[in-house]
Amino acid sequence: MIREKILVIGASGQIGVELTMALRKIYGNNNVVASDLREENDLLKGTGPYVSLDVMNKEMLHVQVIRQNITQIYLLAAILSATGEKNPSLAWNLNMQSLLNVLDIAKEEKLHKVYWPSSIAVFGPTSPKIRCPQQTIIEPSTVYGISKYAGEFWCNYYHNRWGLDVRSIRYPGLISYKSEPGGGTTDYAVAIYHEALEEKKYECFLQEDTYLPMMYMPDAIKATIQMMEAPESKISIRTSYNISGMSFSPKEIAAEIQKHIPEFEISYQPDYRQQIANSWPQSIDDTVARNDWGWQEDYDLQRMTADMFDNLEK
Ligand code: NAD
Ligand code: SER
């Protein structure tokens, strides 16, 4: 059996915390090195090794990969859609250069696998709105979406040209209670639960009828690990896989919350993020992921809401 040593870059972020913990359960605490530019997330402290790392510093990254005998990298550092629109060149630089640094080092050191997430943000206003297919018109309108689309094709290129086993998923908006979201357009669907519990009201920055593809974090972690552990023969997509969990609007999530907190009120004050949301599909067709490696979600809006409140109340 090959002994794997994994480096997670961006481990203190919304996905990183939970993915690092899940990987540590599978591969052993000491075989999963968490790293981030910012300080170690409290939930990770004492659960395994942590290094402070700037993924933009290629030399430093290369030294860590060699020093720690790394065999796989999970690259999660990025600037998300809403923050990206405030500083497009910063988002482009981080999102592209981080990936190129990792792909180059992975190729040079012959790493076994690389994971890099893409997003539903690759789709744009000309993509189909309902059940947006794996292969379709892709004309992203945000800098974040452009960087993800370019990144997908860099992954594909490294796989085709150098045989690098790099795999990717186009996550929908992710909802979680363990760590905070990092500046996306779908972040309202996390904030609404916190505000419902604390204030019994929430002012939403999207219109009430804005449907977006979403997913509960346990499903996102499950999908990531399932895809990464699938045999190479099962991976037919080397750009990035569509996956789907659920789709809902602010009005629908508010109605679900009212089943738990009847006095909860929602109001709407759309801002610049409305335009970003309008450019994305409302739902995703993930037939290819289902057929290739057996993807199947566990959570719908009702089950997720019950679980969010159970955990946030604790
Ligand atoms: P996040 O913003 O919560 O976390 C990113 C982490 O990267 C942060 O902890 C940040 O400190 C770290 N980071 C930033 N610059 C760095 C650098 N130079 N060196 C090292 N670390 C650095 O983001 P997230 O939500 O956890 O997203 C992780 C990945 O998943 C990203 O690629 C994102 O585009 C993708 N994704 C997320 C969502 C979502 O809803 N959260 C949806 C689709 C795709
Ligand atoms: N949740 C992410 C965002 O809103 C989608 O990639 O930016």
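Just a yes or no: is a residue in the range 172-180 part of a helix (DSSP H, G or I) and among the hydroxyl-bearing types (Ser, Thr, Tyr)? Within the range 172-180 (the criterion being part of a helix (DSSP H, G or I) and among the hydroxyl-bearing types (Ser, Thr, Tyr)), the answer is no, since none of the residues qualifies. Just one of (1) within 20 Å of the chain's Cα centre (by Cα); (2) touching a residue at least 12 places away in the same chain (Cβ under 8 Å); (3) more than 30 Å from Lys113 (Cβ to Cβ); (4) within 15 Å of ligand 1 (Cβ to nearest atom) trips up Tyr211, so point out which. Tyr211 satisfies every listed condition except (4). Among the residues making up the range 148-171, those that are away from ligand 2 (no atom under 13 Å from the Cβ) and part of a strand (DSSP E or B) are Val166, Arg167. Close contacts from the range 104-115, counting a first residue that is within 12 Å of Thr71 (Cβ to Cβ) and in contact (Cβ under 8 Å) with a residue 60 or more places away in the chain and a second that is of a type outside the set (A, V, I, L, M, F, W, C) and part of a helix (DSSP H, G or I), with Cβ to Cβ under 9 Å and a gap of 6+ residues or different chains, come to Ala106/Tyr158. When Thr47, Thr71, Thr83 are checked against the criterion of being in contact (Cβ under 8 Å) with a residue 60 or more places away in the chain, farther than 22 Å from Gly173 by Cβ and surrounded by fewer than 23 Cβ atoms within 10 Å (Cβ to Cβ), Thr71 stands alone in meeting it.
Name the residue, out of Ser89, Ser98, Ser81, that is more than 16 Å from ligand 2 (Cβ to nearest atom) and of a type in the set (Gly, Ala, Ser).
Values: Ser98 fails: more than 16 Å from ligand 2 (Cβ to nearest atom); Ser81 fails: more than 16 Å from ligand 2 (Cβ to nearest atom).
Every option except Ser89 fails the conditions.
Among the residues of the range 88-130, how many are within 16 Å of ligand 1 (Cβ to nearest atom) and surrounded by fewer than 18 Cβ atoms within 10 Å (Cβ to Cβ)? The number of residues fulfilling the criteria is 9.
Conditions tested, residue by residue: (1) under 18 Å from Glu195 (Cα atoms); (2) among the aliphatic types (A, V, I, L, M); (3) assigned to a loop (DSSP other than H, G, I, E, B); (4) in contact (Cβ under 8 Å) with a residue 60 or more places away in the chain.
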| residue | (1), (2), (3), (4) |
| --- | --- |
| Ser267 | yes, no, no, yes |
| Asp271 | no, no, yes, yes |
| Asn291 | no, no, no, no |
| Trp295 | no, no, yes, yes |
| Tyr299 | no, no, yes, yes |
| Phe309 | yes, no, no, yes |
| Leu312 | yes, yes, no, yes |
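In this entry, Gly145 is excluded by the filter for residues that are part of a loop (DSSP other than H, G, I, E, B), over 29 Å from Glu4 (Cα atoms), within 16 Å of ligand 1 (Cβ to nearest atom) and at pLDDT 95 or above. Of the set (1) closer than 30 Å to Leu100 by Cβ; (2) of a type in the set (Val, Ile, Thr); (3) part of a loop (DSSP other than H, G, I, E, B), all apply to Thr186 but (3).
Scanning the range 173-208 for residues that are charged (D, E, K, R) and without any contact (Cβ under 8 Å) to a residue 40 or more places away in the chain returns Glu195, Glu198, Glu199. When restricted to residues that are within 16 Å of ligand 2 (Cβ to nearest atom) and more than 22 Å from Asp292 (Cβ to Cβ), the range 130-147 contains 8.
The single condition among (1) assigned to a helix (DSSP H, G or I); (2) among the basic types (Lys, Arg); (3) under 25 Å from Tyr272 (Cα atoms) that Lys129 does not meet is (1). Here Ser240 meets each of (1) under 27 Å from Glu313 (Cβ atoms); (2) under 19 Å from the mean Cα position of the chain (by Cα) with one exception, condition (1).
The rows are residues; the columns are (1) more than 9 Å from ligand 1 (Cβ to nearest atom); (2) exposed (fewer than 15 other Cβ atoms within 10 Å of the Cβ); (3) basic (Lys, Arg).
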{"position": "Cys132", "(1), (2), (3)": "yes, no, no"}
{"position": "Asn156", "(1), (2), (3)": "yes, no, no"}
{"position": "Arg161", "(1), (2), (3)": "yes, yes, yes"}
{"position": "Arg170", "(1), (2), (3)": "no, no, yes"}
{"position": "Ser176", "(1), (2), (3)": "no, no, no"}
{"position": "Gly184", "(1), (2), (3)": "no, no, no"}
{"position": "Ile192", "(1), (2), (3)": "yes, no, no"}
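The values are calculated or read from the model by the stated rules, or taken from the named source; none is laboratory data. Here the structure is a predicted model, which means the values were calculated and not measured. Note that each Cβ is placed from the backbone with ideal geometry, even for glycine, and that neighbours are counted across all protein chains shown.
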